[in-house]
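Each remark here refers to the structure printed beneath this line.
The values are calculated or read from the model by the stated rules, or taken from the named source; none is laboratory data. No experiment lies behind these values; they were computed from the predicted model shown. When we count neighbours, we look across all protein chains shown, and the Cβ atoms used for this are built from the backbone with ideal geometry, even at glycine.
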6 protein chains.
Amino acid sequence: MKLKIIVPIISSIFNKSIAKEISNYNCQGIEFDIENLDYGTESIECEYDEALVIPDILNKAKKAEEEGFDGVVVDCFGDPGVRAAREVLNIPVVGGFEPSMLLGAGLGDRLGIVTVLPTVLPMLEGAAKRIGLDSKVVCFRYVDIPVLDLGNISKLEDALYAQSIEAIEKDNAHVIILGCTGMMGMGKKLHNRLIEESYDVPVIDPFFAAIKLIEVYVAMDLKHSRRTYMKPRDKARKWWK
Amino acid sequence: MKLKIIVPIISSIFNKSIAKEISNYNCQGIEFDIENLDYGTESIECEYDEALVIPDILNKAKKAEEEGFDGVVVDCFGDPGVRAAREVLNIPVVGGFEPSMLLGAGLGDRLGIVTVLPTVLPMLEGAAKRIGLDSKVVCFRYVDIPVLDLGNISKLEDALYAQSIEAIEKDNAHVIILGCTGMMGMGKKLHNRLIEESYDVPVIDPFFAAIKLIEVYVAMDLKHSRRTYMKPRDKARKWWK
Amino acid sequence: MKLKIIVPIISSIFNKSIAKEISNYNCQGIEFDIENLDYGTESIECEYDEALVIPDILNKAKKAEEEGFDGVVVDCFGDPGVRAAREVLNIPVVGGFEPSMLLGAGLGDRLGIVTVLPTVLPMLEGAAKRIGLDSKVVCFRYVDIPVLDLGNISKLEDALYAQSIEAIEKDNAHVIILGCTGMMGMGKKLHNRLIEESYDVPVIDPFFAAIKLIEVYVAMDLKHSRRTYMKPRDKARKWWK
Amino acid sequence: MKLKIIVPIISSIFNKSIAKEISNYNCQGIEFDIENLDYGTESIECEYDEALVIPDILNKAKKAEEEGFDGVVVDCFGDPGVRAAREVLNIPVVGGFEPSMLLGAGLGDRLGIVTVLPTVLPMLEGAAKRIGLDSKVVCFRYVDIPVLDLGNISKLEDALYAQSIEAIEKDNAHVIILGCTGMMGMGKKLHNRLIEESYDVPVIDPFFAAIKLIEVYVAMDLKHSRRTYMKPRDKARKWWK
Amino acid sequence: MKLKIIVPIISSIFNKSIAKEISNYNCQGIEFDIENLDYGTESIECEYDEALVIPDILNKAKKAEEEGFDGVVVDCFGDPGVRAAREVLNIPVVGGFEPSMLLGAGLGDRLGIVTVLPTVLPMLEGAAKRIGLDSKVVCFRYVDIPVLDLGNISKLEDALYAQSIEAIEKDNAHVIILGCTGMMGMGKKLHNRLIEESYDVPVIDPFFAAIKLIEVYVAMDLKHSRRTYMKPRDKARKWWK
Amino acid sequence: MKLKIIVPIISSIFNKSIAKEISNYNCQGIEFDIENLDYGTESIECEYDEALVIPDILNKAKKAEEEGFDGVVVDCFGDPGVRAAREVLNIPVVGGFEPSMLLGAGLGDRLGIVTVLPTVLPMLEGAAKRIGLDSKVVCFRYVDIPVLDLGNISKLEDALYAQSIEAIEKDNAHVIILGCTGMMGMGKKLHNRLIEESYDVPVIDPFFAAIKLIEVYVAMDLKHSRRTYMKPRDKARKWWK
């Protein structure tokens, strides 16, 4: 199985740690290839950013299929371009949001999402409605740290812990979903810390969820429905060279 | 009042008829300027097309604000780029969907949408959920005519009539919403034909609805909320020259 | 265009200020006529009051159509008699609630309503469900001032400001809707004060919204659907002389 | 226990058969008093009719409480004036709709309503939303017989049977609710006929349901909540002599 | 009328007080028979407990029908086995939850449930969704007292009062539903105490509600729908001797 | 990884074919153990059957954890006992329903379920509501074949195909979910046949979905939330020897 990981930003600064993170996932027999964008933004934190990264995500996704990949992971929690990519591709495509929500929904009745910034919230609320799971989300919280500052791990960990406790105590969240794929690797740490304080709630790491769910779809030979994701008709389209 | 009309395709073939249509709207004291895209597609009929037109819509929208326009109309039923544009602009921005749904919701309890092609439906279903009015939509129907073939008016009119009758009789629709701004001018014709056959239901023409609703917002000095549409943060964004 | 404004109470004390308020709306070419009720109550603050004012509202509305008016505005936030009037009339009829909700829904994802008294809340919750927009309302708040005391402008303004801040901060409202047409003219003031404190949220003035929305319906030659608002059958009805 | 039955029309033609019907209900120890309206309509078949009957219903309901009745039944399926009456009264008040829906909801998952005329449907759809049970209603059907023609029992019975079969077979209704209190006594007949054809579904007779539910509320010493039905404030109200 | 009361636990310690409580309900002409389980648990406080009591509830319910009872009350708020019992029985079967919710829904718009322990909450949330009334429930609260300790009446009364005040003040509950049939008799006491403090909200006692609702169903000759509760097919079933 | 497969019926006739089916799933490094019930029914086709199998499912599930299994699959589409088992176990537990719904929801917007018998439908409708995905289900259909007759493969295949076509054409289903784990292995066959007829929709095989989803949960070290599935308190429970 060959999976293409599109890290949908115009810089490669996260690539090394993404590769390292994947090595912890114990994905036997899967070959991963990480690719960034030529056009777009350096991080995705609102619908404006999202709009700017999607066209080149679609480029890279189409190329991945041509090169024989078995599936495409768009490494961003907001699932940018995922629906559009499914229209043009015949291989599974996932982002971070849908897999996290689906895996989380199987573990508890009330989902709490903790993301990076307030600017992301309306986008995520829309995504939850789009997927029909909005009634299970009890809170959208944020650590107030921009994506590019997530590298300050101890600050991130403290903020995630603080917001998770609020989500559990104030909003009665039963499952915590990390709301940014840039938080990769924090799921385990956060869970351990919560367990120590007797909060026995699962924590979903969205990048991990994305990798495992697409692995399942490929293994089951399942692909998105052409009734939801119909093939675009031929027409003049003018964008990239 | 100066309104920018972004016709979000890479051709200008509709511009003349759009200008003529606007002249029927009796918008006193409003100056209109029509603009097309440099990059994008020749029509918008699926989420893939939509993704490709949005970046240049945002370009044109930002330019419009800089040039002193009071509002921006994205002349497409699917509201492409409208939410992203609101994040970066301080003037009202509307597409065709939201105004049609809102005006239609004030005229009857059950809305029936008749659009161009089946490929458009999932996108519209998502838009209806996003705006929270999905419970009022009783059908999404289509005439099965691509956007670029809408010029065959008599064929379009017959198909719209046939689908509207189905919407009313089979789905118990109380209001008909034309699901493509390329159907401009058909609202009146369709309504007359329905009335002749004793179907006294209103028909919403989405481009007309868009123009009138933004006119209201500008006249009332109302603008989108910065709590829903937060300003994007500064960052590296690499796209157009 | 000739619009009838039915101020649905048995006193004319608000008429002068209503006329003055309308003069601020810059409605060119529209002739307004204000009329009160002969039977009913001196203010509308619960479902009991509402029930008592509706029959004479229907009287006045029918007379307005006979006299050649193009539309009827029932100047009360709760839309008393609006649905019943649409059944008997062939011209557009609006109250304050539906227009405010529809215009507000186009400006932000989460609506906060601030009305006069707690006795009004169940009526408004019902109205929100009736129109299918209840999922967008995040709070129903009140200033605790009876309608007839709204004339104390500075007290009203302070109370509206205080409740709006609560709506924004505690309930995460993105749009404020003033929940009584007797608050006319306060929208602008409240918005300015919120902006000063960096709360950039739109404020909907329901009477202003009503006037502008019916203006749009008349201008677009749109009228309520006869599938939702069917003509009453002839029968013995015994009420007024 | 003394119950006031308000038959909310301006004629007494149904009173005798109502009294006879009640005698079948085996209500031991309950004294019934039937009263009509002085002002209103001769039948209630749309929101316009409903609006016209409510004020005198409120009159009669208040008088009933003053005269020492223990509860008030408004003998109409649409529950006209029930919410308003609860605001002013301290004794239970029910119409036909709410009791039928509640009793029906305890007998099966999917409710089918069969009423008199299409003009009634929007009113009932609104009532179902108001009570929060709209998701359980799978169809609103009608026999197309005006209230004043319901006396043609064999025609009514055939039409009810035909519509109930449609409701069961086409809409998968599990419980049939008769949508007009003028259909009193038909529940048993319709149920027997359905059973003969192996359709083992309960049929709710709304007047019977109303009587039995208010009997329960009085017996349990339960009354509507003052948090939902707040006392109207004192004010000038000008209506009846 | 003969009603079987199944107290679905393996001990008879509550039977005497249940019999005494029923004697307060003034159920003329009804004969009651109380029965416990041979297999199951000593109290029901989670889905695990519930699973263990259901088979013998079904045993006892089938026996009740064979012995000529007219209806079966499963004396537990969670309605354990009620749906399964309806499949096999031809007489009405109720638990405590559904009757309380239905009677409560007729008294106010917003229901607050106060139960025993947090372990019960997910089960009740599921039950509210199952019956389609979850949108009316504004809170699930608990007194944190196990079922077997409910005998400490003054402690229970204080805890119920405290939680009811929270439900009213913080969650804006309009009706209080006692969430355990072991709280029988507390409804009246709690209501009186709330009234004293000017909280005029009804309190539903679930056992009382169950008895009165099944009394109504039997009196109206109504039984659950065979479209929702289809007869189980014959097959090998191996459980009790 | 060691997974326990509980086939929750009192016969072992399916065990051999289940073991064979699993061997097609290419689950490397997973050891499976299949176990039946000592008490229960020979098939599960209604809520009554379901109630009777759950206690011994819980027995077997607890034993599995004691014996060191890493997860438990209850091999039945209705998820019998799954929620109760999660309360008592510290390892993941899944049935067929939840995994199928979650995996299916990631592949298309509208889910169509095709199960065995009409008696199963209310149970599945309840399960869909419980999991909060009911708004995505567009139909519950059945092949009208009892579980024990599913061995007639060609009959089953034809019936599944016929119902799937109805689901797609009449109900506009985008994804087909096989509604009985006894249909294992039919997913691939049905999908191929649909593809041949140009219906490019995914088909979810619930047993396959269950195995792959629990594999993911174990691999990710994720377990159900203790906030949704709280530990049962100690108490007297009398059931099995």
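Looking at D:PRO146, D:PRO118, D:PRO122, which is the one that is buried (at least 18 other Cβ atoms within 10 Å of the Cβ) and farther than 30 Å from F:GLY126 by Cβ? So that I can check it myself, show each step before the final result.
Working: D:PRO146 fails: buried (at least 18 other Cβ atoms within 10 Å of the Cβ); D:PRO118 fails: buried (at least 18 other Cβ atoms within 10 Å of the Cβ).
Only one candidate passes the filter, namely D:PRO122.
Go through the stretch F:2-31 and report how many residues are on the phi > 0 side of the Ramachandran plot and touching a residue at least 24 places away in the same chain (Cβ under 8 Å). Show your work before the answer.
So in the stretch F:2-31, the residues on the phi > 0 side of the Ramachandran plot come out as F:26, F:29.
Add one more test, that the residue is touching a residue at least 24 places away in the same chain (Cβ under 8 Å), and what stays is F:29.
So the count comes out to 1.
Does E:ALA127 fit the bill of being modelled with pLDDT of 95 or more, crowded, with 20+ Cβ neighbours inside 10 Å and either out of contact with any Lys or Arg (no Cβ under 8 Å at 6 or more places or on another chain) or facing chain D (nearest Cβ under 10 Å) (or both)? Explain how you work it out, then say what you get.
Values: modelled with pLDDT of 95 or more: yes; crowded, with 20+ Cβ neighbours inside 10 Å: yes; either out of contact with any Lys or Arg (no Cβ under 8 Å at 6 or more places or on another chain) or facing chain D (nearest Cβ under 10 Å) (or both): yes.
Against the criterion (modelled with pLDDT of 95 or more, crowded, with 20+ Cβ neighbours inside 10 Å and either out of contact with any Lys or Arg (no Cβ under 8 Å at 6 or more places or on another chain) or facing chain D (nearest Cβ under 10 Å) (or both)), E:ALA127 qualifies.
Go over the candidates E:ASP149, E:ASP200, E:ASP205, E:ASP171 one by one and state the one that is farther than 29 Å from D:VAL218 by Cβ and of a type in the set (Asp, Glu).
Working: E:ASP200 fails: farther than 29 Å from D:VAL218 by Cβ; E:ASP205 fails: farther than 29 Å from D:VAL218 by Cβ; E:ASP171 fails: farther than 29 Å from D:VAL218 by Cβ.
That would be E:ASP149, the only listed residue that is farther than 29 Å from D:VAL218 by Cβ and of a type in the set (Asp, Glu).
Restricting attention to the stretch C:115-152, which residues are closer than 20 Å to C:ASP171 by Cβ, without any contact (Cβ under 8 Å) to a residue 24 or more places away in the chain and of a type in the set (D, E, K, R)?
C:GLU125, C:LYS129, C:ASP134 - these are the residues of the stretch C:115-152 that are closer than 20 Å to C:ASP171 by Cβ, without any contact (Cβ under 8 Å) to a residue 24 or more places away in the chain and of a type in the set (D, E, K, R).
Among the residues in the stretch A:153-160, are any surrounded by 24 or more Cβ atoms within 10 Å (Cβ to Cβ), farther than 25 Å from E:ASP134 by Cβ and outside the structural domain of A:SER23 (by TED's automatic domain parsing)? Step through it out loud before you land on a result.
From the stretch A:153-160, those surrounded by 24 or more Cβ atoms within 10 Å (Cβ to Cβ) are A:160; that's our starting set.
Filter once more, so that each one left must be farther than 25 Å from E:ASP134 by Cβ: A:160.
Checking the rest, the ones that are also outside the structural domain of A:SER23 (by TED's automatic domain parsing) come to A:160.
Checked the stretch A:153-160: at least one residue is surrounded by 24 or more Cβ atoms within 10 Å (Cβ to Cβ), farther than 25 Å from E:ASP134 by Cβ and outside the structural domain of A:SER23 (by TED's automatic domain parsing).
Pick out the one residue from D:GLY106, D:GLY81 that is in contact with a helix residue (DSSP H, G or I) (Cβ under 6 Å, 6 or more places away or on another chain), of a type outside the set (A, V, I, L, M, F, W, C) and without any contact (Cβ under 8 Å) to a residue 12 or more places away in the chain. Give the steps one after another, and end with the answer.
On the way: D:GLY81 fails: without any contact (Cβ under 8 Å) to a residue 12 or more places away in the chain.
Only one candidate qualifies: D:GLY106.
Looking only at residues in the stretch C:51-68 that are touching a residue at least 24 places away in the same chain (Cβ under 8 Å) and in contact with a strand residue (DSSP E or B) (Cβ under 7 Å, 6 or more places away or on another chain), which one is farthest from D:GLU50 (Cα to Cα)?
Looking at the filtered set, the residue picked out is C:GLY68.
Answer yes or no: is there a residue in the stretch E:181-190 that is farther than 20 Å from E:SER17 by Cα, outside the structural domain of E:VAL72 (by TED's automatic domain parsing), touching a residue at least 60 places away in the same chain (Cβ under 8 Å) and small (Gly, Ala, Ser). Before you say what the answer is, go through the steps one by one.
So the first thing to find is which residues in the stretch E:181-190 are farther than 20 Å from E:SER17 by Cα, and the list is none.
Among the residues of the stretch E:181-190, not one is farther than 20 Å from E:SER17 by Cα, outside the structural domain of E:VAL72 (by TED's automatic domain parsing), touching a residue at least 60 places away in the same chain (Cβ under 8 Å) and small (Gly, Ala, Ser), which makes the answer no.
For the stretch E:92-121, which residues satisfy the criterion of being hydroxyl-bearing (Ser, Thr, Tyr) and over 30 Å from D:ALA84 (Cβ atoms)?
From the stretch E:92-121, those hydroxyl-bearing (Ser, Thr, Tyr) are E:100, E:115, E:119; that's our starting set.
Across the stretch E:92-121, the qualifying residues are E:THR115, E:THR119.
Mind checking whether some residue in the stretch B:142-150 is outside the structural domain of B:ILE6 (by TED's automatic domain parsing), touching a strand residue (DSSP E or B) at 6+ places or on another chain (Cβ under 9 Å), over 24 Å from C:VAL93 (Cβ atoms) and at pLDDT 95 or above? Working first, answer last.
The first filter runs over the stretch B:142-150 and keeps only residues outside the structural domain of B:ILE6 (by TED's automatic domain parsing), leaving B:142-150.
In the following step, the residues that additionally are touching a strand residue (DSSP E or B) at 6+ places or on another chain (Cβ under 9 Å) were identified as B:142-143.
Imposing the further condition that a residue be over 24 Å from C:VAL93 (Cβ atoms) reduces the set to B:142-143.
From what's left, at pLDDT 95 or above: B:142-143.
Scanning the stretch B:142-150, I find at least one residue that is outside the structural domain of B:ILE6 (by TED's automatic domain parsing), touching a strand residue (DSSP E or B) at 6+ places or on another chain (Cβ under 9 Å), over 24 Å from C:VAL93 (Cβ atoms) and at pLDDT 95 or above, so the answer is yes.
Exactly one condition in (1) in a loop (DSSP other than H, G, I, E, B); (2) surrounded by fewer than 19 Cβ atoms within 10 Å (Cβ to Cβ) is false for A:ILE10; which is it?
Answer for A:ILE10: the failing condition is (2).
Limited to the stretch A:217-241, what total is found for residues that are surrounded by fewer than 24 Cβ atoms within 10 Å (Cβ to Cβ) and within 7 Å of another protein chain (Cβ to nearest Cβ)?
Total meeting the criteria: 14.
Does C:LYS189 satisfy being more than 17 Å from the chain's Cα centre (by Cα) and either surrounded by fewer than 24 Cβ atoms within 10 Å (Cβ to Cβ) or within 11 Å of chain B (Cβ to nearest Cβ) (or both)?
On the way: more than 17 Å from the chain's Cα centre (by Cα): yes; either surrounded by fewer than 24 Cβ atoms within 10 Å (Cβ to Cβ) or within 11 Å of chain B (Cβ to nearest Cβ) (or both): yes.
Yes, satisfied.
Which residues, counting only those in the stretch B:152-179, are assigned to a helix (DSSP H, G or I) and within 21 Å of the chain's Cα centre (by Cα)?
Pass one, the stretch B:152-179, residues assigned to a helix (DSSP H, G or I): B:153-169.
If the condition is that a residue be assigned to a helix (DSSP H, G or I) and within 21 Å of the chain's Cα centre (by Cα), then B:ILE153, B:LEU156, B:GLU157, B:ALA159, B:LEU160, B:TYR161, B:GLN163, B:SER164, B:ALA167 are the ones that fit.
I need a count of the residues in the stretch D:161-175 that are surrounded by 19 or more Cβ atoms within 10 Å (Cβ to Cβ) and at the interface with another protein chain (Cβ under 9 Å from one of its Cβ atoms).
Of the residues in the stretch D:161-175, 4 are surrounded by 19 or more Cβ atoms within 10 Å (Cβ to Cβ) and at the interface with another protein chain (Cβ under 9 Å from one of its Cβ atoms).
Among the listed residues A:GLY104, A:GLY29, A:GLY71, A:GLY78, which satisfies the condition of being in contact with a strand residue (DSSP E or B) (Cβ under 8 Å, 6 or more places away or on another chain), of a type in the set (Gly, Ala, Ser) and not assigned by TED's automatic domain parsing to the domain that holds A:PRO202? Explain how you work it out, then say what you get.
On the way: A:GLY104 fails: not assigned by TED's automatic domain parsing to the domain that holds A:PRO202; A:GLY29 fails: in contact with a strand residue (DSSP E or B) (Cβ under 8 Å, 6 or more places away or on another chain); A:GLY78 fails: in contact with a strand residue (DSSP E or B) (Cβ under 8 Å, 6 or more places away or on another chain).
After applying the criteria, what remains is A:GLY71.
Quick check on this structure: which one of E:GLU87, E:GLU50 is of a type in the set (D, E, K, R), touching a helix residue (DSSP H, G or I) at 6+ places or on another chain (Cβ under 7 Å) and more than 14 Å from chain D (Cβ to nearest Cβ)?
Values: E:GLU87 fails: more than 14 Å from chain D (Cβ to nearest Cβ).
Just a single option satisfies the conditions, and that option is E:GLU50.
Sort out which residues of the stretch B:15-39 are in contact with a Phe, Trp or Tyr (Cβ under 7 Å, 6 or more places away or on another chain) and within 14 Å of chain A (Cβ to nearest Cβ), and write them in order of number.
Matches in the stretch B:15-39: B:TYR39 only.
Within 15 Å of F:HIS174 (Cβ to Cβ), at the interface with chain A (Cβ under 9 Å from one of its Cβ atoms) and surrounded by 22 or more Cβ atoms within 10 Å (Cβ to Cβ): which single residue out of F:LEU111, F:LEU103 fits that description?
On inspection, the qualifying residue turns out to be F:LEU103.
Out of the residues in the stretch B:114-124 that are under 29 Å from C:TYR229 (Cβ atoms) and touching a Leu at 6+ places or on another chain (Cβ under 9 Å), which is farthest from the other protein chains (Cβ to nearest Cβ)? Before you say what the answer is, go through the steps one by one.
Within the stretch B:114-124, the first condition is being under 29 Å from C:TYR229 (Cβ atoms), and the residues that meet it are B:114-115, B:121, B:124.
From what's left, touching a Leu at 6+ places or on another chain (Cβ under 9 Å): B:114-115.
Details: B:VAL114: 15, B:THR115: 13 Å.
By that ranking, first place goes to B:VAL114.
If I ask for residues that are free of Cβ contacts under 8 Å to residues at least 60 places away in the same chain, part of a loop (DSSP other than H, G, I, E, B) and crowded, with 24+ Cβ neighbours inside 10 Å, which ones from the stretch B:32-50 would you list?
Across the stretch B:32-50, there are no qualifying residues.
Would you call E:VAL201 among the β-branched types (Val, Ile, Thr), facing chain D (nearest Cβ under 8 Å) and part of a loop (DSSP other than H, G, I, E, B)? Let's see the steps before the verdict.
Working: among the β-branched types (Val, Ile, Thr): yes; facing chain D (nearest Cβ under 8 Å): yes; part of a loop (DSSP other than H, G, I, E, B): yes.
So E:VAL201 fits the description; yes.
Name, by its number, the condition in (1) facing another protein chain (nearest Cβ under 8 Å); (2) surrounded by fewer than 24 Cβ atoms within 10 Å (Cβ to Cβ) that does not hold for C:GLU66.
Status for C:GLU66: all satisfied but (1).
Hand me the list of strands (runs of 3 or more DSSP E) wholly inside the stretch D:53-151 holding 1 or more residues that are under 13 Å from the mean Cα position of the chain (by Cα). Spell out how you get there, then give the answer.
Details: elements: D:71-74, D:111-115, D:137-142.
Of the strands (runs of 3 or more DSSP E) lying wholly inside the stretch D:53-151, those with at least 1 residues that are under 13 Å from the mean Cα position of the chain (by Cα) span D:71-74, D:111-115.
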